[in-house]
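Following: one structure in structure tokens, then a few remarks.
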Amino acid sequence: MKRFYILLLPLTLVFMLSCSDTNQVDLEAERTEVMQVLDNFNKAHESRNLDLLMTCFSDKPDILILGTDENELWVDKVSMAESQKRAYETFNTVKLSVRDKILKMCKSGGQAWFYMKVNWFVESEGEQFTFDGIRTTGVLEKNNDKWQIVQIHTSMPVKGQAVRY
């Protein structure tokens, strides 16, 4: 019987160690990094800094970027950057006000998804434009220890309701 316990003890230890999760993720630290990417996304627009904006997006070939205008659909960050560069060249001022930010983290620490409502004030070619309550949602992934946007969608809410809620 003593031999049985001598064999059982190492097996039990191996089993316990193999079942423990040694790769625990600090979700609060990951959350902070994701929030920094979202802050950089907004700062890039306000400062019209295309280089900073590009760091927010993944280099993967299967990303999706959907803006509010009918033609704003991009499936890679290079084509989005070309359009954004033209827009930044016409903007004199961009001011953003972000509210209602919600961030959800995948328990594995490898993906996050967000929602935020953004008020835009833009001066372009002598005209002023205000867009209130632009809904922005997206997904970020962590690759090579770097968080980047792989999907983002902006929409303008429609005034009035077809159905009362």
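The values are calculated or read from the model by the stated rules, or taken from the named source; none is laboratory data. Small disclaimer: the values here were computed from a predicted structure and weren't measured. Here Cβ is always computed from backbone atoms with ideal geometry, including for glycine, and neighbour counts include all displayed protein chains.
List of remarks:
- Which listed residue is surrounded by 14 or more Cβ atoms within 10 Å (Cβ to Cβ) and at pLDDT below 95, from LEU53, LEU27: LEU27
- Filter pass, VAL37 being part of a helix (DSSP H, G or I), at pLDDT 95 or above and within 15 Å of ILE152 (Cβ to Cβ): yes
- Counting only strands (runs of 3 or more DSSP E) that fall entirely inside the stretch 71-165 and contain at least 2 residues that are without any contact (Cβ under 8 Å) to a residue 60 or more places away in the chain and surrounded by 15 or more Cβ atoms within 10 Å (Cβ to Cβ), the qualifying elements are 91-105, 111-124, 127-143.
- The residue that is modelled with the lowest pLDDT, among those in the stretch 140-156 that are in contact with a Ser or Thr (Cβ under 6 Å, 6 or more places away or on another chain) and among the hydrophobic types (A, V, I, L, M, F, W, C), is MET156.
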